[in-house]
């Protein structure tokens, strides 16, 4: 039991470094960490809660000041897009909402539409290029996504903004806390509060 726990902690610490320093998503970071440590492709892998704790510990030890600045920049950029797309009741999710994002992280916005094509039309009206695709949604279902590049002048680099397209009615369950009591996404007003009073 202790050996398994030690292995999970080692994988989590290695994956956390990849998340923070390279901007990898959790699942990809776990896979790469397992390979780096010479473990099999089936794990053992830490669950997302353990990895999230390891990510926060890595940030606290190695980059608390720079990460806080980078998170603030990404949240401000996310708010610009949320205001731009206010017709679709956007909710911010992922590392930028949860507070673990760095300059290597992407922005994930969930848009709630009567017709997904209306979001595409709005991007086209603004003459914004986008890449369509599919990702796994918050209930495990496939969700259409439109990915755009947004310029971050402060860093002189591009940031990817993923616009996940949900049915309008789905917004009703989106703000319910998870089993740990965490709210995994939030609207523009909640994001403004975080920008004004960031949580430690």
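Read the figures in this text as sums done on the coordinates, not as results from a lab. Bear in mind that the values here come from a model prediction, so they are computed numbers and not experimental data. Glycine gets a Cβ as well: all are built from the backbone with ideal geometry, and neighbour counts include every protein chain shown.
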Where N is the number of residues in region 2-62, Cα Rg divided by 2.2 N^0.38 Å:
0.99
If you line up the long axis of helix 116-125 against the longest principal axis of the chain, both from Cα atoms, how many degrees apart are they, to the nearest 10?
70 degrees
Ranked by GNM mean-square fluctuation in the chain (Cα springs under 10 Å), the top entry among 128, 160, 85 is 128
At each listed q (0.09, 0.21, 0.24 Å⁻¹), what is the log10 of I(q)/I(0) that the Debye formula gives for region 8-120 modelled as equal alpha-carbon point scatterers?
-0.29, -1.02, -1.19
Exposure proxy ranking, count of Cβ atoms within 10 Å, fewest first, for 30, 176, 117:
176, 117, 30
Of the candidates 36, 157, 180, which one comes out as most mobile in a Gaussian network treatment of the chain with C-alpha springs shorter than 10 Å?
180
If each residue's Cβ is checked for other Cβ atoms within 10 Å, how do 41, 150 rank with the fewest at the top?
41, 150
Which percentage, to the nearest 5, of the DSSP beta bridges contained in region 37-171 is antiparallel?
75 percent
Summing -39500 (n - 2.57) over every DSSP H run of at least 4 in the chain, dividing by its residue total and rounding to the nearest 500, the 222 nm mean residue ellipticity is -15000 deg cm²/dmol
So, relative contact order of the chain in percent, Cα under 8 Å, 6 or more apart, is 18 percent
Tell me the label only: which of (1) 10.7; (2) 11.6; (3) 12.2 is mean projected area of the Cα convex hull in nm² as calculated from this structure?
(3)
So what's the angle, to the nearest 10 degrees on a 0 to 90 scale, between helix 64-84 and the longest Cα principal axis of the chain?
30 degrees
Helix 48-62 axis, angle to the chain major axis (alpha carbon atoms, nearest 10°)
80 degrees
Mean-square fluctuation check for the chain, GNM, Cα pairs under 10 Å: which of 106, 52, 22 is largest?
22
